[in-house]
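Encoded as structure tokens, the structure appears first; notes follow it.
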Amino acid sequence: MEQIEYLFKGDSYIYFNPKLIIYVDYDDEFPSIKFEYLTGVSWTITKPEDAVTIPQEKFEKYFKKSLTHFVTADWGNQAEYYSIIENQRIEIILFTTDPKNKFVINIIFSYDPKGPDLYLGKERSFSKRKGYRTKGTAISDEQFKAALQASMVYIQDTNSYYDNMDQFEGKLRAILNKEDITVDFQTINTLEYLQQLEQKKAQLQHELIENDEYTILERSTLRGQLTGIEYAIQVYNLFQINKA
């Protein structure tokens, strides 16, 4: 199991191991989350220089706050929505049209044999809008919301980025092709999904309590997996509240 470190550099709260790095840039209005995952023995991620170590709880706090921000984002269906698919990259973007509620939400997913990376950000700048109007394909509010929800489900499961990569790519393509607008990628809208999460949580808790043979590093990794499951349950509950 790879050793996990929690770091801070500049404006970023960072989850790091040699195969996965997650950056959380938290802002009360404009947060972003970005991860890069590498597979294969020969590929590793370089640890950010001059980053300082922080408690795990601090990273978790701002990861959760950022997730919550995207779940509760409200634009009242007053927006333009576009997508661009190029090679192994999918971009989906929202530009609000209400002058009193101006923001951009950008989803960028890249995938190749080395592994996936995903950026989910809320931004101030509208400088990209002209380019998307020219090169992008207009999509509906329903399609954008489905893509955002699928991205939220994907990004909160920090232990399965590579395993779920092909499924997530297929889900985004199905949404953009109007083949499937539901969020059935590990669907967040069903009681079965919540029950599966609760079962995984109970299993991990049991392992941590009952198995004394794990090393400190292995127990740390299991606790990280447990945190990911707890995030998923929180996101599920937030979606239910937001739908009410």
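The values are calculated or read from the model by the stated rules, or taken from the named source; none is laboratory data. Predicted, not measured: the structure shown is a model, and the values here were computed from it. Cβ placement follows ideal geometry from the backbone for every residue including glycine, while neighbour counts extend to all protein chains displayed.
Considering each residue of segment 112-125, count those that are more than 21 Å from Pro31 (Cα to Cα), surrounded by 18 or more Cβ atoms within 10 Å (Cβ to Cβ) and either of a type in the set (Asp, Glu) or modelled with pLDDT of 90 or more (or both), and give that number.
Selection size over segment 112-125: 0.
Residue by residue, here is whether (1) in contact with a Pro (Cβ under 6 Å, 6 or more places away or on another chain); (2) of a type in the set (Asp, Glu); (3) at negative phi holds:
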| position | (1), (2), (3) |
| --- | --- |
| Ser32 | no, no, yes |
| Glu36 | no, yes, yes |
| Thr46 | no, no, yes |
| Pro55 | no, no, yes |
| Thr68 | no, no, yes |
| Asn77 | no, no, no |
| Ser83 | no, no, yes |
| Gln88 | no, no, yes |
| Asp98 | no, yes, yes |
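Filter segment 126-135 down to residues that are part of a loop (DSSP other than H, G, I, E, B) and within 23 Å of the chain's Cα centre (by Cα) and give me whichever is surrounded by the most Cβ atoms within 10 Å (Cβ to Cβ).
Lys128
Which pairs do you get when a residue that is within 18 Å of Gln56 (Cβ to Cβ), found in segment 207-221, comes within reach of a residue that is in a helix (DSSP H, G or I) and polar (S, T, N, Q), reach meaning Cβ atoms under 9 angstrom, with the pair 6+ apart or on two chains?
Correct list of pairs: Tyr214/Thr221; Ser220/Gln56.
For segment 9-39, give me the residue count where each residue is touching a Ser or Thr at 6+ places or on another chain (Cβ under 6 Å) and part of a loop (DSSP other than H, G, I, E, B).
Final tally of qualifying residues: 3.
Exactly one condition in (1) surrounded by 14 or more Cβ atoms within 10 Å (Cβ to Cβ); (2) basic (Lys, Arg); (3) modelled with pLDDT of 80 or more is not met by Lys178; state its number.
Condition not satisfied by Lys178: (1).
Out of the residues in segment 139-149 that are touching a residue at least 40 places away in the same chain (Cβ under 8 Å) and closer than 15 Å to Gln78 by Cβ, state the one that is farthest from the chain's Cα centre (by Cα).
Per the stated criteria, the residue is Ser140.
Taking Ala150 and the conditions (1) over 25 Å from Glu230 (Cα atoms); (2) assigned to a helix (DSSP H, G or I), which numbered condition does it fall short on, given that it satisfies the others?
(1)
Looking at Thr68, is it within 13 Å of the chain's Cα centre (by Cα) and hydroxyl-bearing (Ser, Thr, Tyr)?
yes
Is it true that Lys201 is modelled with pLDDT of 75 or more and closer than 24 Å to Lys65 by Cα?
Yes: the conditions hold for Lys201.
Search segment 86-111 for residues being touching a helix residue (DSSP H, G or I) at 6+ places or on another chain (Cβ under 7 Å) and within 17 Å of Phe168 (Cβ to Cβ), and hand back the single one that is surrounded by the most Cβ atoms within 10 Å (Cβ to Cβ).
Applying the filter and picking the extreme gives Ile92.
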